[in-house]
1. Using a Förster distance of 35 Å, how high is the FRET efficiency between residue 24 and residue 46, based on the Cβ-Cβ distance and rounded to 0.05?
2. Diagonalise the Cα gyration tensor of the chain and give the resulting equivalent ellipsoid semi-axes, square root of 5 times each eigenvalue, largest first, whole Å.
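Just so it is clear, none of the values below were taken in a lab; they were calculated from the coordinates. All of these numbers come straight from a predicted model, not from anything done at the bench. When we count neighbours, we look across all protein chains shown, and the Cβ atoms used for this are built from the backbone with ideal geometry, even at glycine.
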Amino acid sequence: MTAPKWLTDLLTSRNGVTFDVIRVFLALACFVLLGLAIWDVVVNEESFNALTFGSGVAALFAGGGVGIGAKRNDEPDQ
């Protein structure tokens with residue numbers, strides 16, 4: 001079973017075959033942040049703080065974008 005094309009395009013470098021470490025860990029970090037926010041609301045019965053969650057997601061995306069931009073020259077061409 002293979003992953004859908006949109007998922008491999010999201011997690012691979014320019015050539016569409018080689019997985020990019022920064023993109024994979026960025027996706028993993030976003031899923032963990034979402035899971036921890038759900039855990040905090042459901043299990044700990046805390047109210048959802050959109051400002052804290054949004055700033056956390058923004059920091060992850062900003063750091064990931066900087067990492068991907070800095071690594072752009074190392075990616076293999078098609």
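1. Efficiency computed from Cβ-Cβ geometry: 0.75.
2. 30, 16, 7
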